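Data first, discussion second: the structure below is written as structure tokens.
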Amino acid sequence: YHIHTFDDHEEFHMYHNKKDVSKFFDFKNRAMYRLVLNQRKRILQKREQIKIVTLIRDPIATVFSRFFQDLHLQFIEGKKNDAIHRDMEVTYKHLEHCFDNYINLNYFADWFDNELKRNFSIDVMRQEIDNTQPFFTF
């Protein structure tokens with residue numbers, strides 16, 4: 001499986017403006033997706049051994065990258081303000097406001113605790129890591 005979270009679409013964890021985010025996700029499909037994720041999580045939690053492959057990326061770079069990748073989420077509110085479409089300075093201020101207020105800046109830094117520790121009791125931060133190896137196991 002390729003998933004980012006075990007309980008919902010990643011965007012609902014990344015952004016505080018969930019009402020705007022929800023406009024891009026059909027309620028019925030989101031409910032079904034959450035049900036499937038919950039079933040996957042329960043199946044994995046019952047296994048004695050599981051293999052999880054994860055990659056690590058600089059959380060600060062990821063926040064910036066994801067913000068600009070998801071600009072459409074930030075312009076939902078902007079559609080209510082016609083000036084955003086006419087004045088570049090107003091647009092910049094709007095995006096600054098969105099970045100400062102709507103993005104969960106800790107989402108990527110806390111991902112291991114929120115997903116692996118909470119769901120599988122795997123505490124990555126307490127693990128001794130041999131930096132000479134390209135991987136580590138628990």
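Things worth noting here:
- Screening the candidates Leu71, Leu35 for the property of being surrounded by fewer than 13 Cβ atoms within 10 Å (Cβ to Cβ) and modelled with pLDDT of 90 or more yields one hit, Leu35.
- Within the range 44-51, the presence of a residue that is in contact with an Asp or Glu (Cβ under 9 Å, 6 or more places away or on another chain) and either farther than 26 Å from Thr137 by Cβ or not polar (S, T, N, Q) (or both) is excluded.
- Thr5 vs. criteria out of contact with any Ser or Thr (no Cβ under 7 Å at 6 or more places or on another chain), part of a loop (DSSP other than H, G, I, E, B), hydroxyl-bearing (Ser, Thr, Tyr) and surrounded by fewer than 15 Cβ atoms within 10 Å (Cβ to Cβ): no
- Scan of the range 95-132 for residues that are closer than 22 Å to Leu37 by Cα, in contact (Cβ under 8 Å) with a residue 60 or more places away in the chain and hydroxyl-bearing (Ser, Thr, Tyr), ordered by number: Tyr107
- A single entry from Lys51, Lys117, Lys93 fulfils the requirement of being farther than 18 Å from His13 by Cα, in a helix (DSSP H, G or I), out of contact with any Phe, Trp or Tyr (no Cβ under 9 Å at 6 or more places or on another chain) and of a type outside the set (Ser, Thr, Tyr): Lys93.
- Close Cβ contacts (under 6 Å, 6 or more residues apart or on different chains) running from residues in the range 23-49 that are touching a residue at least 60 places away in the same chain (Cβ under 8 Å) to residues that are part of a helix (DSSP H, G or I) comprise Lys41/Asn119.
- Subset tally (residues that are at pLDDT 85 or above and under 21 Å from Thr5 (Cβ atoms)) for the range 117-135: 7
- Residue list for the range 43-61, restricted to those being more than 12 Å from Phe108 (Cα to Cα) and aliphatic (A, V, I, L, M): Ile43, Leu44, Ile50, Ile52, Val53
- Filter pass, Asp100 being of a type in the set (D, E, K, R), part of a helix (DSSP H, G or I) and loosely packed, with under 10 Cβ neighbours inside 10 Å: yes
The values are calculated or read from the model by the stated rules, or taken from the named source; none is laboratory data. Owing to the predicted nature of the structure, the values given are computational and were not obtained by experimental measurement. As a convention, Cβ positions derive from the backbone with ideal geometry for all residues, glycine included, and neighbour counts pool all protein chains shown.
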